[in-house]
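Written below as structure tokens is the structure these notes are about.
The values are calculated or read from the model by the stated rules, or taken from the named source; none is laboratory data. Because the structure is predicted, anything quoted here is derived from the model rather than measured. Heads up, the Cβs are rebuilt from the backbone with ideal geometry, glycines too, and the neighbour counts pull from every protein chain shown. Areas reflect the complete protein model, heavy atoms only, side chains present, ligands, DNA and RNA absent. Shrake-Rupley method; radii C 1.70, N 1.55, O 1.52, S 1.80 Å.
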Amino acid sequence: MSAAMKSIYATITNHVQMVGYMEIVEAHGRARGLAGFVFNDVDGSVKVTASGLESVLSEFIHDLKIIRPDTAIETKEISEDIRLPSPFGRITMDEMREISERLDLGVNILAEHTGILNNHTTILKENTHALYSINDKLDTLADKLDTLPERLAEAMKK
């Protein structure tokens, strides 16, 4: 008895674009030896068309749910006999636009982190100045404590 081959069409939603999700889907599809492709849809979802052994497709979808449990994955079986590209890959509609958007996103994240680091640097400088001030006061107190026995002896003579 041979294992059943199956083809599916899946829609994956809930913050899956511009987060590297297509690369994850592609890597898992290739690792499982599936035929098919993944692409970002204009509605904000990621679409997957894949074919392979039914058990392997189930494991593939299960892996995707584990990796991003916050996503919703709706699958439909494709009843027509279609030939999908192999190995599994991704389709980009406008690769340069996508690269530009990712770079813009990265620049914004770096700018935000730079601002956070600058704030922390300012706080560290303020705390460093405060520590120097405390250290100076402790040095003065230590000097007074060092001379305390002599001063006590002088006071007792009087």
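Those residues that are aliphatic (A, V, I, L, M) and either open to solvent by 100 Å² or more (accessible area, probe 1.4 Å) or touching a residue at least 12 places away in the same chain (Cβ under 8 Å) (or both), I need them from the range 106-137; list them, please. Result: Leu110, Leu117, Leu124, Leu131. A single entry from Arg90, Arg30, Arg83 fulfils the requirement of being open to solvent by 60 Å² or more (accessible area, probe 1.4 Å), out of contact with any Ser or Thr (no Cβ under 8 Å at 6 or more places or on another chain) and part of a strand (DSSP E or B): Arg90.
Filtered by the rule that a residue be surrounded by 15 or more Cβ atoms within 10 Å (Cβ to Cβ), part of a helix (DSSP H, G or I) and of a type in the set (A, V, I, L, M, F, W, C), the range 39-79 gives Val56, Leu57, Phe60, Ile61, Leu64.
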